[in-house]
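Nothing in this text is a laboratory measurement; each read-out follows from the coordinates by a stated rule. No experiment lies behind these values; they were computed from the predicted model shown. FYI the Cβ positions are ideal-geometry reconstructions off the backbone, even for glycines, and counts take in every protein chain you see.
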Amino acid sequence: MSNFLVAIDGPAGSGKSTIAKLLSERLGFNHLDTGAMYRAIGVYLDSKGFTPDNVPDEELEKIDMQYVNGELYLNGEKVREEVIRSAKAGQLASSFAVVPKVREKLTQLQRRICEGGNFVVEGRDIGTVVLPHAQVKIFLTASFDERVKRRAEELKSKGIELPLEEVARQIEERDKRDSSRDLAPLKPAQDAIVIDTTAKSVEQVLEEVIEIINRRK
Ligand code: C5P
């Protein structure tokens, strides 16, 4: 079985989820959203009453995640979109993501899942830490204002209307936490290709990425 891996990293609002999803469809690859895994584990640990400074080892040992037909399962239960896409789940993901043993656990699970085939994997540390041997590494960026605008539109499409200042505050806080943590901070891998998506359409970015992949195949 072939094992071609495309890592797509970048901050919130850089377009990585949209690109990763469309790219996996175009290539006929699996799509692993590692942010969904951080969200799922954050919601799970919080529901059990744990906080980032109190995550018992035994609790982490008991956690397993599987990827079956494009869906994630946590200890056999399907990870539901409506549970993990809330603003609270995003905050929980980012708070538990600073805990080294939580990252270690998810990194292990992500590597295991990707052993099984061709994957487009999106996240923050895929090219740097999780899959440093990925054949293609893309780091997407966009200006802060553009990322705020995209995030606000995404929320609006889900029926959540927030003032732009509030969306900007949330993104700024998350950027700061993701980029400044000691372990696996958000940054491009040395051999990643950085694409600024600010003034580009989804189709343009997609074509650019497909061209890069074709050159590496
Ligand atoms: O991508 P998404 O917004 O769903 O990710 C939620 C949070 O999970 C991020 O803000 C980040 O703190 C964390 N995360 C991470 N490493 C990844 C993916 C997500 O630390 N590979």
- Message: Just the residues that are in contact with a strand residue (DSSP E or B) (Cβ under 6 Å, 6 or more places away or on another chain) and not β-branched (Val, Ile, Thr), please, taken from the stretch 136-181.
- Response: LYS137, PHE139, LEU140
- Message: Tell me the residue from PHE144, PHE139 that is among the aromatic types (Phe, Trp, Tyr), under 26 Å from THR197 (Cα atoms) and free of Cβ contacts under 8 Å to residues at least 60 places away in the same chain, please.
- Response: PHE144
- Among the candidates ARG103, ARG85, ARG124, single out the residue that is closer than 22 Å to ALA12 by Cβ and surrounded by 23 or more Cβ atoms within 10 Å (Cβ to Cβ). ARG124
- Would you tally the residues in the stretch 130-182 being over 18 Å from GLN91 (Cα atoms), within 17 Å of the chain's Cα centre (by Cα) and surrounded by fewer than 17 Cβ atoms within 10 Å (Cβ to Cβ)? 1
- Message: One residue is enough: does the stretch 148-166 have a residue meeting the conditions within 13 Å of the ligand (Cβ to nearest atom), assigned to a strand (DSSP E or B) and within 15 Å of GLY15 (Cβ to Cβ)?
- Response: no
- Filter the strands (runs of 3 or more DSSP E) completely within the stretch 25-121 down to those with at least 3 residues that are over 14 Å from the mean Cα position of the chain (by Cα). 65-68, 71-74
